[in-house]
Amino acid sequence: MGRACATGIFDFNDVARTLARLLLPLSDYNRVYQVVHGVIRDLGTAERSCIHFATMGAYLLNKHYKVPARVVAGAFGLCVNGGAIPDVAFFGRQDAGLLSSDGSGFHMWIQTETHLIDFMAPIFPEAFAEHGATFGTPRKMLQRPLAEEAAALANLATPGDFYAMPNLDLTQELADEFFDRVVNGDLMKVADAWFGKRTGKQKPSIMMGDSHGPPIRLSLPSTIATGAW
């Protein structure tokens, strides 16, 4: 008590403008993220599971928030840190300086009528580090109005700037492969049950079992997004 405030001005108008741009409040975004992450992290591939984050996230948005949402796969660019030389992360394949996507190099995200949402964003620090990134990545949510998309990859200069390159054929191929696996349907049911009611208190854990072994306890991850791109 009695300490002087840090130098700087807290602009409530900036906060209001940020909140007005969001489709989901931070708490709801984190709820979806934590449930999906909690369901898949014991698979050992959470940092490479953009398909699970997108597909399960879109399902929860459609069912619990009545927000028409679809998954989209392709190449993707995101400015992580600004500066004279911005840190930009790319998802996809880079050949001769060109970014493209195929079955071995892609990202998957969610699109609504107005927004691009990526529920994997809170673990971008781990995902990028796994691929050799040397820059620090904030643990934020990625939820941006489509109208604010950059005009080109070369325009990614401010943190949160993004550029998406949808690949509709790849999207259909990956979605078909995902739903052809019965286990993925089971995981979606677990995520739905764990999510519960939007207005209800989030359960910190849930038991998951099948006929192939004893049930296991799934727990929510401790990581959450602490801000917005």
Hey, can you tell me all the residues within the stretch 100-140 that are within 15 Å of C79 (Cβ to Cβ), more than 14 Å from the chain's Cα centre (by Cα) and among the hydrophobic types (A, V, I, L, M, F, W, C)? A133, F135
For the subset of the stretch 171-226 comprising residues that are surrounded by fewer than 17 Cβ atoms within 10 Å (Cβ to Cβ) and among the hydroxyl-bearing types (S, T, Y), which member is farthest from G57 (Cα to Cα)? S211
One residue from V88, V67 being in contact with a strand residue (DSSP E or B) (Cβ under 6 Å, 6 or more places away or on another chain) and β-branched (V, I, T): V88
Hits in the stretch 94-109 (condition: touching a residue at least 24 places away in the same chain (Cβ under 8 Å) and in a loop (DSSP other than H, G, I, E, B)): S101, G103, F106
Whether any residue in the stretch 54-71 is assigned to a strand (DSSP E or B), crowded, with 18+ Cβ neighbours inside 10 Å and either polar (S, T, N, Q) or touching a residue at least 12 places away in the same chain (Cβ under 8 Å) (or both) is what I want to check. yes
Of all residues in the stretch 133-170, count the ones that are in contact with a Ser or Thr (Cβ under 9 Å, 6 or more places away or on another chain) and assigned to a helix (DSSP H, G or I). 3
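No value in this document is a laboratory result; all are computed from the given coordinates. Because the structure is predicted, anything quoted here is derived from the model rather than measured. Ideal geometry is used to build each Cβ from the backbone, glycine not excepted, and the neighbour counts take in all protein chains shown.
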